[in-house]
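Each reported figure results from applying straightforward, stated rules to the coordinates on display, with no laboratory input. Since the model is a prediction, treat every value here as computed from it, not as a measurement. Every residue, glycine as well, gets a Cβ built from its backbone with ideal geometry; the counts of neighbours run over all protein chains shown.
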Amino acid sequence: MFAVIKTGGKQYKVASGDMLRVERIAANAGDKVLFNEVLMLGGDKPQVGAPLIADAGVEAEVVDQIKGEKVIHFVKRRRKHSSKRTKGHRQKLTLVKITDIMASGAGKSKAMTAVGTGSVPAAQKAAIAGASVAVAEKPAKAKKAEAPKAKAEAPKAEKKAAPKKAAKADAGADDLKELSGVGPALEKKLHEAGVTSFAQIAAWTDEDIAAMDEKLSFKGRIEREGWVEQAKEKTKG
């Protein structure tokens, strides 16, 4: 009987008594480990998982913690400022001996689960459960933080309402568009500057005209269009 297992992101075909080098497992020499990611079982009645076979497992005994053969990584850049770099690496591995292949009953095995096979030991499950409780408590704190946001939104609402009040206040103002060269855009600028009636424009002095010219960038339009004279005529009528 043989089995195809998955560990460390790789697949291995194993049989009872085989010596196998796998990616490093957190275990000591002499410990028994269980590989519970079984993809296929071969023999008289072959089984293929979808992708895993439920309750199947492969038990093994850790023989030693070893390192793989040295791999040399050499880089050379052929440029004006050339460079060379050499690195060596030895992959950490675990040497195990396959002791038993179980088609069922892996859940009752007393062997420790090999880290990286997908099954989580009881201690790790407790740690995960504690983490989930901590995550569940975070929304409660978030609700408390929502109150300042509501307060912060109140001034915004007040600011938006302010222009409406100003519009109502300007309801009794003169139609400044009756002046030569004054359209909706210029009228809006004059209103923003506090000018809403012909009487105000008629009372402008030379200094007032110069200040308004500079403030609203009229570039001599007030004198060129004769707004002051026009405003005086409007106030007489």
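Legend: distances between Cα atoms for Lys13/Lys76; Lys10/Lys110; Lys45/Lys67; Lys189/Lys236; pairs beyond 27 Å are Lys13/Lys76; Lys45/Lys67. First measure r as the distance between the Cβ atoms of Ala211 and Ala185, then evaluate 1/(1 + (r/R0)^6) with R0 = 35 Å and state the FRET efficiency to the nearest 0.05. Efficiency, rounded to the nearest 0.05: 0.95. Using the Cβ-Cβ distance between Ala54 and Val75 with R0 = 45 Å, the FRET efficiency computed as 1/(1 + (r/R0)^6) comes to roughly 0.45.
So for region 2-124, averaging the separation of alpha carbon pairs under 8 Å that are six or more residues apart and normalising by length, what relative contact order in percent results?
Averaging sequence separation for qualifying contacts and normalising by length gives 32 percent for region 2-124.
Full extension of the segment from Ala29 to Asp64, taken as 0.36 nm per residue of separation minus the current Cα-Cα distance, would add 12.1 nm. Per-residue 3J(HN,Hα) values for region 30-39, derived from phi via the Karplus relation 6.51 cos²θ - 1.76 cosθ + 1.60 with θ = phi - 60°, read x, 6, 9, 10, 10, 9, 9, 9, 9, 8 Hz in sequence order (x marks Gly and Pro).
Taking loop as defined by DSSP and a crowding limit of 15 other beta carbons within 10 Å, which trypsin sites (Lys or Arg not before Pro) in region 1-85 fit? Those satisfying the criteria are Arg24, Lys70, Arg78, Arg79, Lys80.
Across region 2-124, the volume of the C-alpha convex hull divided among the residues equals 149 Å³ per residue. Here the calculated FRET efficiency for Ser82 and Gln11, from their Cβ-Cβ distance with R0 = 35 Å, stands at 0.25, rounded to the nearest 0.05.
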